[in-house]
Structures are given as structure tokens and as C-alpha cells.
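The values are calculated or read from the model by the stated rules, or taken from the named source; none is laboratory data. Remember, it's a predicted structure, so these values are computed and weren't measured experimentally. No Cβ is skipped: glycine too gets one built from the backbone with ideal geometry, and neighbour counts run over all protein chains shown. Remember, those area values only see protein heavy atoms, side chains included, never the ligands or the DNA or RNA. Shrake-Rupley method; radii C 1.70, N 1.55, O 1.52, S 1.80 Å.
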Amino acid sequence: MKYEAQTTTLVEVGRLIGRVEQFRSDGCRLVQISATKNGEMYEINYSFDKDYKFENIRITIPIDQEVPSISGMYWGAFVYENEMHDLFGIQVKGINIDYKGNLIKTTIKYPFGAGAVLKGEKP
Amino acid sequence: MTQRIVIPFGPQHPVLPEPIHFDLVLEDEHVVEALPTIGYVHRGLERLIEKREYPEYVYIVERTCGICSFIHSLTYCQGIEQIMGIEVPERAHFLRTIWSEYSRLHSHLLWLGCFADGIGFENLFMGAWRIRESILDVLEQTTGGRVIQSSCKVGGVRRDISAEKLDQMARDLDGIQKEIEDLTTVFLQDDSIRHRLKNVGVLSKEDAYHLGAVGPTARGSGVAIDLRQTGYAAYDKLHFEAVTEKDGDCYARCAVRARELFTSIDLIKQAIAKIPEGPVDIKVTGAPNGEYFSRSEQPRGELVHYLRGNGTKFLARSRIRTPTLTNVPPLVKMIQGCELADVPVIILSIDPCIGCMER
Amino acid sequence: MIPIVNAIIYILLAPIIGGLVAGIDRKVTARMQGRVGPPLLQPFYDVGKLFEKETVVVTISQNFHVLSYLVFMAVSGALFFSGGDFLLVIFAFTLSHIFLVLGAYSSYSPYSHVGAERELIQIIAYEPMIILTAVGMYLVTQSFNISDIIASSVPVIMYLPGVFVGYLMVLTIKLRKSPFDLSTSHHAHQEIVKGVTTDFSGPNLAKIEIAHWYEYVVLLGVVYLFFGFNPIIAIAAIIIAYFLEIVIDNTFSRAKWQMTLKTAWLIAGAIGIVNLATLYYLRGGVWL
Amino acid sequence: MNELLFLIGFPAIIAILMLFIHKDKLRNYIVIPSAVIIGVASIWLLISCFNKNTILYAFPFEPASKIMYIIELLLAIFILYLGIKYRKTLTVALVLIQAGLLVFFETYLSSGMHPENNLFVDQFSIIMAMIIGIIGSLICVYALGYMDTYHKHHTEVKDRKNIFFFILFIFLSSMFGLVFSNNLLWVFFFWEVTTICSFILIGYSQTPEATNNAFLALAMNLLGGVAFMVALIYIGIIDPSGKLLELNTLIMSGQAIALVPAVLICFAGITKAALMPFSSWLVGAMVAPTPVSALLHSSTMVKAGVYIIVRFSPVLAGSLEGFLIALVGGFTFLLASSMAISQSNAKKVLAYSTIANLGLIVACAGIGTYKLMWAAILLIIFHAIAKSLLFLCVGTVENRIGSRDIDDMSGLIVRMPKIAVMMFIGIAGMFLAPFGMLISKWAAIEAFIVAPLGLLFVAILAFGGSITVFFWAKWMGKIISVPQVMERIEDTVTKEKWAVLYILAGLTVVVCLIFPLISSVLVEPFILNIYGQTAQLAQANITIMVMMLFLLMIMPFSMLFYRDGQKYVGPYMGGMTTTPTMQFTGAMGTVRDTTMGNYYLKNYFGEDKLFMIGTVLCLGILIFAVILTAGVVL
Amino acid sequence: MTYLSKSPWILHYDASSCNGCDIEVLAALTPVYDVERFGIVNTGNPKHADVFLITGGINSQNVEIVKNLYEQMPNPKVVVAIGICAASGGVFRECYNVSGGIDTVIPVDVYVPGCAARPESIIDGVVTALGILEQKKLAMNVNPGTGKKSPGET
């Protein structure tokens, strides 16, 4: 059994695009984008891979901050970014294919976002 | 100006038992626009992490998808084990590998059958599913479940397989291999199938890589991504090559899966030959604190479970990135400009697992 | 009188024969796929069931189209078995199919619509070959009348092997078998759900099914004509031809419409016409 | 003879009257009764002459010919003027050639010529006269209402209705002249008049497109005119007495003498009947107001082309030249039918279908056995009726919904039920059993199969006939596929239009019922007269056809039984719910209309590609035929 | 005895299951189980179907679709809820996007247990449904359904 080494780097929102461009020019593929609610902040992980070398960059944003889309570099990123919007309520600016909240329609709005209430819970 | 045909392709459509929708805009039968709608199977199971203790959450993870359920549980367990620093007994790793490969066999055979049905070749559908039943029998005999096995747990596996059973499995595989050879020969040699698959839904190597294609979809385009090469479970002790094809069309993707059946059989045989004696689980105590991107190779491609513990029995976040989700952008690209008759074929060619994709 | 009696016998018996043929078809297909398959009388159960269901329609005119389809299919079959003009049979046949197509158009479902368009493509694909079949029969027997063709002692098949091959291709299309089950098929169609029959249900669907049975009998009746000189050989030929169709169904994937059209026209154009031209030439050349 | 003179003269007089009438009401008061009179007169002709074979009339040659000569020169000058004005070099050149030939003929050859029997009537003329007299005048009546609406919708087009109706009636007059003239010089005169009439009618809207298409039509028809003129000169040279100028004498004189002029005149007929490679003028003529299209393509103009070819059919029979002409017709049938598949514009579909059917008629006439001639004449009759009905239906729909695109006609059965039913009848009349066109095609298959080299044509018919099923059936489908909610918008159609449409729809059905009568009274005696034997359909088949027709007519009543006990649900949409107007919420949350376009299979049946093939093929054949003929002459 | 029980045609829809039950439904069609022996055919078209096999707890986006499919099936018809999710929501009943069993949306006649339901139980469920189908047919004969017109029809 081998566990792979994984690196996570914190990046400022403003430098996100620059870093992603660098990954792109290094020939990395986009593995995934995911968001995590961490208290009053959202963490967003952008994971890349080249030859089984896994690298992750992370931005931390306040709940109402807009993030830039990386779909300019990685065309397929629209899936993750739309999902992030629909589940977390994170506003992503400039997605190439913007579903405007219609990728995943949910009973409650932004079920993973701040203030989302699960079934059987009280707000 | 001639009018176009707008077809709501799905959500209910015989081509896939699972619901997915495409707005197809056709001129004659030429697809000029195809946009997917997903979310018909979205349950929101990732949030159940807040209500289930981490060992119990395995049951939820397994039911992300009924086809590759074992690999979901494996990936989740390995993630937790990494965070908690648990050393799982070697025999458990081998058993996990064996069951993973059986899952892959059953998944690929299922796909070959559905795919044959998609191109109107009902006989092959029946043939593939008949072989698949013998795989399911093995899974049922060794784990108790046909499609959802529930045999993986944090810290190992629930059941051991006896040495006699392992021998018998190895022997049975020879017969299955013969049957699969016959089946895949038809798939890869039949002219009417070639006519339907060659040069349909072509995905170039560059596109495959940069659009995020994984699994057979990527390998069909010549991108050799196979996460088993990272050596999780017992794969570091087994030898195999990632199966790739160059053309990037539906035929290539079909060929990749057909050939992978043999890789899987070979891997199972290797694993059975090399499996060490010993216990199959260890007791796990404590709670995970930390994070990990647990990756594995599902039948459909790279699966990522992002797990984050906060020191309690309840994880802070589980995020399941399934291969079908990342194969959707390539699919959107492939489907543009094809023929109506190709639409089901192309959709099937990424082996979509909507249940996985939408969680 | 005999023609009328024949026509009546056809109208009464053809559904039974057609249904049995369909039942045997399903049974044999299942066996080829390693299954037990449904009971022999399953098609009759299906139709009986459909008549027990309520009529659900999108628009009332669907009923009319389906009824016309059935009636004209029966008419064309009756014409055939009463020994009528082969060309007239073909035209009545086309007429009844047009009603099926119109029924599909009238429902305004995109699936029916695509099915209807594909059905039309199929019609233009097979119709030249059917007409050439009739022409071939004429060249051999000097008559378009089925009664004369059947009465002729000439072994038609010896003169028309190419036409027969072409006709088998037509049969594949007409029996809605792979690779030419473009517009609808017996099992769920992976491209267009059920194609032309998508929006028919209950008794209407049952009528379509019965019309298919009528159609089967006519189509197999044409096979008989090729071997009309010897009834035993003819019946054997029908069985072999049908079995061949089932085998083809089970060993081919569905072709696209381009392929269907090209194949059908190529076979009609190459094999059919070459066969007929040879016949013309051998007959002492009405060439010039 | 008086009937003939009346039929030629009366429309001409009305035409001149039309020139001076600018008030719509007054025009209506004159056109409708005159149309009735023309129709009645042509029926009268039928009643008085049907049982006689060819009747020849010795109408004085000299004065009439002189007048015609002068008119022709005036027309030539008129065209020359327009040609120079619009800088159409080709037209100018052709007019100069044609006028030069005419002057040469009149100066050097005509002086010694004294044809006696300049007018004639036989069953074929009667059939043509009926088509012109009934259908043609119905179209004139229809045009009254149509042109009003046309000018309301197209305010940019200058209102020149007086000229429009003047030309319409002149057209009728010259068509009558054409079918009654036994003197080829006179046939030529009327021939040229129809050419120029069509030129003016096509260019009616005076848009650049209309003008161009008008000149295209003119140039091609002038080319035919030149060939016609050459034929006349040839006759003048081989027979200075002018006896051969008489059509019946020429046809009876046998292949050795008549083949060369026959081929030349058939060439003219091919240009007029818009066979490939000259089909583009007919397609281009679709820019004209719809009654013009109906007139040109169903009952007049193109029918003049096939009329003359069918006339010469006995001369062509059995000759290589005849075969080549038939081949042009056959290929035109196949290719034009194919091209119709790729069209969504209803008028263009009708145009290609017209070209195709004319091709078939020519194919029959070119081979020219008695059976084929029978089929050809039936084709002419049925085509004229069904096609004019279809044109007028399309015109009415176009007036109302502002589009002539078939895709825009969806749900017409709800929006304009009566028109839709008539359109249905018209379309069924074009390709379905047991209607006329199919009967004729059937007759043609049975005739070709025993004709020399017939297999080729049987194959063409088998393929071409199937192809026609595609484009007609999808049009029918469009009419009856109803997006759920639609309102009826039929109420503004005027009474005259209804009358015309009812008569034509009725005719389409009735003629199918009484066609055995038409065949036995008119067509068979005519053919018997020429060939000494005749064709007919077997009695049993006729009975079955009639029974089928009745069955077809009673079937719709079955709908009455389905009034109750039905559950209505929406169409299957893959589980998507739809609004009553057939919208659903698709990807990205957008609301989409469910639209349904027909298939056009452009890659296979595309206009450009097939037109190229047809042009090369048919032009090649024609050039070969011309070389062959020239070889005979030299 | 009516023909209904000899020729049940099924429509299968996944209203948000994990796929486990879906593939078992399909497996029931294949050689080992071969439900065509009983005349069962998977039609894929609601208008042809008699038995509606539905898997998975119902997801909010699916509510309209399931209703639409049910509506398009001609009477008599039965609904078979397959698997524990379809019965109650199963392990997903607490998920925010799952409203619970199928019976929250359309009436269910037969519940097939299991996670995932085994092909044998699915066949058993369908056979049970046939009895109900017959009863419904008999009830229909007693009160023949009255034709209802949709707003667009005249």
C-alpha cells in the first residue's frame, strides 16, 4: 500500500488565475475543484495532477466574495464552478457555460452554504 | 430557413436507466446543439457526513453508486486510514484489490451490454450480461451482496475469503476469460459495430487531457491515466500496464474497456497468487483529524474523495468527485456535430454513472 | 368467386398466422440469446392485453390514421391473396404506410416525428426494390397478376436470384429487424424510444400490431411467389428466409439512415437491376 | 370552326378590355362571367366534337400570317428594347438571331407556301382546351382576390393589375391558339406569345430578382424559339409548297422526313417544359405571384412544351433521337424529384415536382409507344388539376400566414381546416393510390416494361416514384402535426377563392372517378386513330381503384366514433412536462419551444449538386441528339 | 383471468436511486432471470406500459417527471416501488433533496424490499402487481372511465 504525497498551497484570490495559468502551461490537468465551508469562510481547493503528482492550491474567501472563473484555462471547469455556485452559493465570475443556478436544482437553496438547514433541523 | 427539431432527450429515455437530460437541437439528424441538464439524481448525500459517524458513513458512501459501490467504500476507507495513520493488514489490501477488480469486471461487462443495446445489438447485450452474472455470483458468494457488497470498513475488510474459494475463483476465471474473449471478439471485429463506432464522438488526446477526461474515456484517446499505477491497496505489488488506444472515438473507448477486462482478470489472478496470510482487519479507535484527497481508479476513471476530519467522530467535509462528472465536459464537446443515432452511443461511451455524478 | 373467398380467408386467417410467426420469432430470438423466451402465443396475449387497456390519445385523429393503416393493410393483403395486380398491391401497401406515418406526425411528439421521418426514409429505401420485384415477376411470367404468377410453372427464383436477394433486404426493413430497424423496433429503441408508435397506446397500438401481422403474411407471400412452382419448396423457402432474418437481426447492430438508404438503393440498383437487365437480354432483347 | 375562333378570340377581346379597367369591382364583374363563358365554351367544344376524330379547318392563311408576322416583329423590337435597357446580352443576341431567321423565312420561303388546313381540333386538342379553359379560367378568377391581398402585403410593388389581367387573358388566348393551330408557323407565333407573356408575368413585381428570373426564362425560351424557327426553315427548304407546315401532314409523313423538325421542335418543347438543363427558369419563376405560377406550371406554358412533344411522339417512336429525348425526361424526373426533397419552400417543392412530372411525360412521349402515349396524356390531365389546386392552396395559405415555407404550415389542419383538407386532397392526388398521378405512373410502368429499352425507365420510375413519396408525405405530416393550442384563421378568404378551390378539389377526386370515361371517350380514340391500337387499364383494377377511393372517402367518418371514451394526454416528451403551447424547461433553465422541422437530407439530395449532375447529363444527351440530327441533315 | 397478467409491459424510471436497483431491474431481463418468459417486456415508453417500476427515493427535480410519466400511462396501471429508497427514502431519507418514498408523489401498489433489491424479489414484486392489475381492470369494467378532455382539444 502506498499513499501518495500531496501538497496544498495557500494562494490569494488575486493570484489564483496566475497560478492556474502556470499549472496549465506546465501541462497539468485539472483534477477537481471543491469548496468547503469553514466557519464564516469558504475554502476552495483547486487540484491538479501531472504524472500522478498531485498538487492542490487553496483560496480562502469570505462568504459573499466573488471568485474568478478558471474556465478560460480549463474549459471543463464549468461543471465544478456551476456546482459550487448551486451548492454553496459562491458567485463565480465569467464561467464559459453559466447555468445560472440551474445545473443542480435543489429543494433548499445553497444546501452547503451558510444558513442552509437540513431536514429535521431547526434554523 | 428550415426549422430545427428540438428534442428533449431524457430525463426518461430507454437508453439509460438513469435520468439525464439533453436539449438536442437537430437539423435533419445532425446535432447542432446539445446541452445537458443534470441533477435528477442529486440527493445531497455529502451532507449526511454531519449525521453519521465516520465508520458508519461507509454505508452511505457505498450507495453513492450501485455499480462501483465497492470502490467508493475502498477509497473512503483508505482516505480515513491515511488521515488516522492506520496500518491495514496486507491481506485486507489484497482482498480489497480482488473485489475492486471483480467490481470492474462486472461494471465493464454491464457497460458492454448496455452499449450493445445502445447500438441495437440485443444479442450481445444478453451475452455480456450472462457473463456478468457469473461475476456477480462470485461477489455474492464472497461478500454476500450482488451489487452492494458492504465488505470494506475502516481498518480492513469484514470478511476473509478461504484459500479453497480463492483457488476456485482463479480456476473459474479461466472459463470466464474464454467467454469474454468470444464476446469481445464480436465487439471489436463485427463490421456493423465498427460502422457505428469508428470515427464517432472523436476526442483528441489534447482535448481529453485538458478537458479533464479520466478513465477509459481518456485512455481511449491515448492519455494513459490509470490511478492504479499510484499503487494504492495492493496494486503496488501487482504488475500491469494501463490500456490505451489512439483514436479517441467510441470504438477506441469500447476497445479499452474490452481489453481492460483481461487486465482485471490478470490482476485478480496475480493477487490470488500473491495474497499473504494474516488477519483482515484491525481495531480502529479515535477520530480522524486532518485532510486527504483519496484517489482511486473506478471502472469509469479517477475517483477522488476529499475527506476532512476535525477530531470528532463526524467529519467536517466529504466531497466525492466522481469520474462521470469530470467526463461531462468532454462529452459535451464530443456530442456536438454528431448524428442523432450517435447521441446514445456517445453518451454511453463515457460510461455515465449518473448516480455517482450527482451524489 | 374464388378470389373473393381467398380474400376473406386472408382477412380472417392472416392475423392468426402473422401472430404465430411473431411468436415463433420471439421464441427463436430468445433462444439465440440464451433465454427461454416468452410463450408461443405471447403476441396474442399482448394484443389481447392492449385491447383491455383504455385509449389514450394526443389527438383524436390518431384513431383514424391507425384504423386506416389497418384497413388498407388488410385491403392490400386481400388484393394480394385474391390474385390481384402486384403493382396495385404495392400501391395499397404504400398508402397504408403513409397512414401510419401520418398517425405519427399527428401526435406532435419529437420522438414520433423523428420516427415518422425515418419511416419515410425507409419507404423510399425499400420501395424501388419492391417495384423491381414486381417487374421481375412480370418479366418471368408475363403478368402482373398474382394469380397468373402463382399459376405459372416457371421456377421464378432461377431467373430472379438477384431480385430475391434484394427482396430479402426489403424484408429486413419491413420486419423491422436490425440493422434496419430505424423507425421503430420490437424492443425499446435506444435512439427514439418507440419511434412511430411512441404515442399510440392501448387498442390503437393493438391495431398497429395486427396490421403488422397482416403485413408479415403478405411479405412472406411474396417470398412464396419466387418458389411458386413447388409449394413445398416455397414453404421451406419462407421458413429459411424468415430464419435468416432472425439471424441477421441477432448479428447486426442498427445502421444509421444514411447506411440504410445507401445499402438499400445499392442492392436494388446493382443486384436487382443487373438481374433484370440480364433477364431482358436473355429474353431475346427487347433491348433495341 | 366557330368554337375554335371564339375560344381564341374571346379571351383576347377580354384581355384588351382588361387593359382599360382600373377599378377592382368592375374587373371582378367582367372576369368572373368571362371565365365562366370560356369554361362553358370549352365544355361545349367537348360536347360538339368528342365523337369526331381530327377535324381540319381551312382558315385563310395569308392575312392572318401577315398580321402575326408584324406582331412578332413588334414583340421582337419590344424585347430588344428591354434587353438593351437591362443589359442582357444573351437575350439581345437570341432575339436578333430569332428575328433574323424569321425575316429570312418570311422573305425567302413563305411566299410559295400555301398551307390550307390551318386550324384543327382532335381529342387531344379538346383535352388541352378543357385544361386551359377550365383550370386556366379558374386561376384567373382566383387571381382577382389574390392580387388584392398581394398588393396589400407588398406595398412596394406597383399596382399594374390591368396589365396583369391583360396578360393572363392573352395567355389563355394564345394557348388556345397553340392547341388549335395546325399550321406550324402559327403554332410558332402562339408559342412566342406565351414566352413573352410569361416573361412579363414573372417580372411582374419588378424587383431585381424578378427581373433577372424573367430574363432567364425569356432567354431559355428564346433558345427554344430559335430551334423552332430552324425547324420551320428546314421544312421550308425541303418542301417549298408549305404542305408540310401542316402539323397533321408532317406527323403522318414518317420519320424520314419529319424526324429532323420533330427533334428541333422537341428541343423547343424541352426548353418550354423546363426540363433539365433548362429547369432553372421554372424554379426562378416562383418569384411571381402564385396565380402566375399556377397558370404557368399546371395548365399553360409548360403544358405547351409537353403538348408539342406528345404531338410529335409518333414521329419519335423507335428512333435513337426519341430515346435520347426520353432519357432527358427520365433523368429530369429522377433528379427533380430528388431535389424536391431538399426544399422547404412549398412553391419550390411544387416547382420541382412539376419539372419531374413534365420529365416523366416527355420520357413517355420520347419512347412513344401507344401505351406510353396513353400514360402521357393521363399524366397531363391529372397533373394539371392536382397541381393547380396545390398552387392555389399554397397561395391562399401564403396570403394568410405570410409564409410559403412548409415548416410554417404546421397545424394547418386546425388553423385553416378547409384549405388543409384541400391541400391534402391535392397532395394525395400527386402521389397516392388511388389518385390520378399514381394511376398514370402505374400505367407508365406497365407501358415501359414492354417498350424498347424500357427497363431503364422502369428503374427510373421505381426510384423516382419512391422519392416523391418522401417529400409529399412529410408535407402532409406537417399539415396535421398540431402544436396543441392554435386558433382558426381561415375566415378572411374570399368567396371566389373558395369557389375556385372547391371546384379544383372536387375535380381532383371526380376526375379519378370518371377517368375510365375520359380515357375511353377522349384518350383511347385519339391513340387508336394514330396507332391503330390503344391501351387501357384492366377493368378489375379500375373497380378496385374506385372501391379504394370510396373507402378512402368514408374512412374519415370513423372519427365520429371516437368522440367519447378517450383520455387525452400530452405527447411523449421523455417525461418532461410541457405547457399547452408545447414548451418545456430545458437545460440551463431556459424555456424552449418544441419545434419540429422536416428532414431535407441536403447532403444527399442537395439542389446544387444534383442540378450540376442533371445539367451535365442532360446537356450532354441533348448535344448528342443535336449532333445526331445534324448528321441526318448533312 | 385477463390478458393483462400474461403480458405486463414495464416502464422503468430512476427517481434518484444509487443505480443498484436499476441494474438489478435490467438484470432481470437477461438470460439468467429472463422475465420475458412471463411476457414482461421493458418498453421504455409510458404510453405502452402497464407496470411502472420506480427506484430510488424521490428527488425534488423528479417529482414532475414521475407524475408526468404516471399520467401518460393508460389505465389500468400499477406502480411498483423497488428497493428501500423507493419505499421510504432508505439511507437517503434524511438528505435535503429527497422527499421520501415514491408514495409521497404517486400511489404505489407494491413495495419491493432490499438494498439493492434482488432480481428475484423484483420479479416477485411484478407478479404481485399483476394481481392488483387484474383487480383494477375489473374495477374499471364496473365503472368505465369517463373521457376527460384536455384544455387544448376541441
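Classify segment B:5-358: rounded, prolate or oblate, from the alpha-carbon gyration tensor (a ≥ b ≥ c, eigenvalue square roots; a/c under 1.5 rounded; otherwise prolate if a/b is larger than b/c)?
On the way: a/c = 2.01, a/b = 1.36, b/c = 1.48.
Oblate, since a/c reaches 1.5 and b/c is not below a/b.
Cross-link partners of residue D:495 among lysines, defined as those whose alpha carbon lies under 16 angstrom from its own and excluding same-chain residues fewer than eight positions apart: D:25, D:418.
Give the shape of segment E:3-142 as rounded, prolate or oblate, defined through the alpha-carbon gyration tensor: a ≥ b ≥ c are the square roots of its eigenvalues, a/c under 1.5 means rounded, and otherwise the shape is prolate if a/b is larger than b/c and oblate if not.
Values: a/c = 1.84, a/b = 1.27, b/c = 1.45.
Note, shape of segment E:3-142 comes out oblate.
Model label sites at residue D:158 and residue D:514, defined 7 Å from Cα along the beta-carbon direction, differ in position by 4.5 nm.
Please give me the summed charge of the neighbours of residue D:424: other residues whose Cβ is under 13 Å from its Cβ, Lys and Arg +1, Asp and Glu -1.
Details: positive: D:418, D:478; negative: none.
Within the 13 Å Cβ shell, the charges total +2.
Peptides C:259-269, B:267-277, ordered by how many other C-beta atoms sit within 10 Å of their residues on average, highest first, read C:259-269, B:267-277.
Of all lysines in the structure, the ones whose alpha carbon falls short of 19 Å from that of residue B:269, not counting any fewer than 8 places away in one chain, are B:165, B:178, B:237.
Solvent-accessible surface of chain C, averaged per residue with a 1.4 angstrom probe and all protein chains in place: 28 square angstrom.
For segment D:73-153, the list of trypsin sites (Lys or Arg not before Pro) that fall in a loop by DSSP and count at most 16 other C-beta atoms within 10 angstrom reads D:87. The distance linking segment D:145-185 with segment C:1-72 is 57 Å (Cα centroid to Cα centroid, whole angstrom).
This model, with +1 at the C-beta of Lys and Arg and -1 at the C-beta of Asp and Glu, gives the protein assembly as shown a dipole about its Cα centre of some 1680 debye.
Loop-only GluC sites (Glu not before Pro) in segment B:52-148, please: DSSP not H, G, I, E or B, and at most 14 other Cβ atoms within 10 Å.
Numbers: sites: B:53, B:56, B:62, B:81, B:87, B:90, B:101, B:122, B:133, B:140; in loops: B:53, B:56, B:87.
Taking segment B:52-148 and a limit of 14 other Cβ atoms within 10 Å, the loop GluC sites (Glu not before Pro) found are B:53, B:56, B:87.
Residue by residue along D:437-444, Cβ atoms of other protein chains within 10 Å of the local Cβ number 2 on average.
Write down the percent of antiparallel bridges among all DSSP beta bridges whose residues are both part of the protein assembly as shown, to the nearest 5. If you can, show how the numbers build up before the last one.
Values: 63 of 88 bridges.
Beta bridges within the protein assembly as shown, antiparallel portion: roughly 70 percent.
Seen from residue C:180, the other residues with C-beta closer than 11 Å to its C-beta sum to a net charge of +3, counting Lys and Arg as +1 and Asp and Glu as -1. Legend: residue pairs D:441/D:474; C:256/D:567; B:198/D:478; B:246/B:274; C:174/C:194, Cα-Cα distance threshold 25 Å; pairs beyond threshold, C:256/D:567; B:198/D:478; B:246/B:274.
Please compute the per residue accessible area over chain D with all protein chains in place, 1.4 Å probe, rounded to a whole number of Å². All intermediate terms of the calculation are to be shown ahead of the outcome.
On the way: 20120 Å² over 634 residues.
Accessible surface, normalised per residue, equals 32 Å².
A simple count of charges around residue B:306, restricted to other residues whose Cβ falls under 9 Å of its Cβ and scoring Lys, Arg +1 and Asp, Glu -1, yields +3.
Beta bridges assigned by DSSP with both partners in segment E:3-142 are antiparallel in approximately 5 percent of cases.
Let me know the charge dipole size of segment B:200-315 about its Cα centre in debye, to the nearest 20, where only the beta-carbon of Lys, Arg (+1) and Asp, Glu (-1) is charged. Intermediate values should be presented prior to the final figure.
Values: 15 positive and 15 negative charges, 65 e Å.
With only Lys, Arg, Asp and Glu charged at Cβ, the dipole is about 320 debye.
To put it simply, the accessible area of the protein assembly as shown at a 1.4 Å probe is 63 percent carbon and sulfur. So which aspartates and glutamates pass the test for residue A:105, namely a Cα distance under 15 Å, with those fewer than 8 places away in the same chain ruled out? List returned: A:81, A:83, A:86, B:358, E:64. Distance from the alpha carbon centroid of segment D:335-370 to that of segment D:68-144 works out to 25 angstrom.
Distance between the C-alpha centres of segment B:291-324 and segment C:152-177: 62 Å, rounded to the whole angstrom.
In terms of the Cα gyration tensor, with a ≥ b ≥ c the square roots of its eigenvalues, is segment D:1-312 rounded because a/c is under 1.5, prolate because a/b exceeds b/c, or oblate? The shape class here is oblate.
Averaging over all projection directions, the Cα-based convex hull of segment D:156-247 occupies 6.2 nm² in the image plane.
With loop defined by DSSP as not H, G, I, E or B, and exposure as at most 14 other Cβ atoms within 10 Å, which is the longest segment of chain D clear of exposed GluC sites (Glu not before Pro)?
Answer - D:157-486.
Lysine pair count for segment E:3-142 (Cα-Cα distance under 17 Å; residues 8 or more apart in sequence or on different chains): 9.
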